[in-house]
Amino acid sequence: MEIQTVIIAGGLGSRLWPISYQENPKQFIKILGDKSSFQQTALRNKHLGDTIVIVNNCHIEIAKRQLEEIAVNAKIIVEPLQRNTAICGIIAAIYAKERNCDKVAFLPADHHITDLASYRKSLKKIIKSLQKSNISIIGIKPTLPHTGYGYIQVGNKIEPGIYQARKFIEKPPLNMAQKFIVQANYFWNSGMFFYHADFMLLQARKYLPKMLNAAYKAITNSTKVKNYIILAKKPYSKIKSISLDYGIIEQIKNMALIKAEFSWSDLGSWDSLWKLRNKDHNDNCIEGNITTDQVTNSYIKTDNKAVVVGLDNIIIVDHEDKLLVADRSKSESLKDLVGKFTVK
């Protein structure tokens, strides 16, 4: 069964500032190993079918270059403006229908997944679930009370590892997240959605009709340049910035959640990166010419020689002409702060 794979690679990754910024966001940075998370996403899903990549207009060349490095052929669709993920989900469905492909895999480009055998096992369950479900979601069993993720409450078990998705809870407060992790019927929302293209377009017409019309106009008036397509700016400028979750997914009744059988991280913050990195006997991740004394549970990265003394649970990142110093537990709030000034 062929599925139209759509990789969403237009984010700015500001929670990993200063190494991630507008011209070089985290999904294109080779943070863990010799491939970026964008490249890893393209490789682990290329067997599903043809690939579409949706990028920001300032990321065309880096996306093309990184696809060439891994020998993955993909159609690149360029957003003239950032408008969140609802419009991307609609455009993905339109292009899938043009290819007479009714199933779409909607995948963020910034996920870190290493157990490919278990990932493909979950994909088989996803494909099976789409025989009865309009939309299927991969859910991650929570390992800590994370307040930066959305949660999904599930209902009845349809079959082993497949549940009825019942309710979405967006980024709960800590006390609520603490309750969720001890209950068996709550999962993290991974943002990986699999859906029928026809159904998505019907829901878009019902819940986001103006956005659907603008999507068709943006495609009809798009500009084709070599092997990529630039969507028309004028209709795109009229589109509201809404996530696919909020705009459509949360309105749907008949959805399945497939429990992930693989380890997962979204590389969303310095704290999540600290958890993935190898650490020394003091639980520090040290990158660079750095001398430490009485430093614990910290992430320190610098391009220059540095001495750090007497700190715990700290992030220090000195990159080019930018410096970040933060409490590791507060790294999720970096996105809002960085948004207040221009990052070059």
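The values are calculated or read from the model by the stated rules, or taken from the named source; none is laboratory data. Since the structure is predicted, the reported quantities are computational estimates derived from the model, not experimental observations. Please note: Cβ atoms are built from the backbone with ideal geometry, for glycine as well, and neighbour counts cover all protein chains shown.
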Qualifying residue in segment 166-185 (condition: assigned to a strand (DSSP E or B), under 16 Å from Leu244 (Cα atoms), out of contact with any helix residue (DSSP H, G or I) (no Cβ under 6 Å at 6 or more places or on another chain) and at pLDDT 95 or above):
no
Within segment 40-59, does at least one residue satisfy the condition of being touching a residue at least 12 places away in the same chain (Cβ under 8 Å), surrounded by 22 or more Cβ atoms within 10 Å (Cβ to Cβ), basic (Lys, Arg) and out of contact with any Cys (no Cβ under 9 Å at 6 or more places or on another chain)?
no
Starting from segment 263-280, keep only residues that are of a type in the set (Phe, Trp, Tyr), then list their pairs with residues that are modelled with pLDDT under 90 whose Cβ atoms are within a distance under 7 Å, requiring at least 6 positions of separation or different chains.
Trp270/Ser331
Tell me yes or no: at least one residue of segment 12-26 is crowded, with 24+ Cβ neighbours inside 10 Å and under 30 Å from Leu130 (Cα atoms).
no
On the basis of being surrounded by fewer than 20 Cβ atoms within 10 Å (Cβ to Cβ) and at positive phi, does Ala71 make the cut?
yes
Say whether the condition of being without any contact (Cβ under 8 Å) to a residue 60 or more places away in the chain, assigned to a strand (DSSP E or B) and either out of contact with any Lys or Arg (no Cβ under 8 Å at 6 or more places or on another chain) or surrounded by 22 or more Cβ atoms within 10 Å (Cβ to Cβ) (or both) is met by at least one residue in segment 225-240.
yes
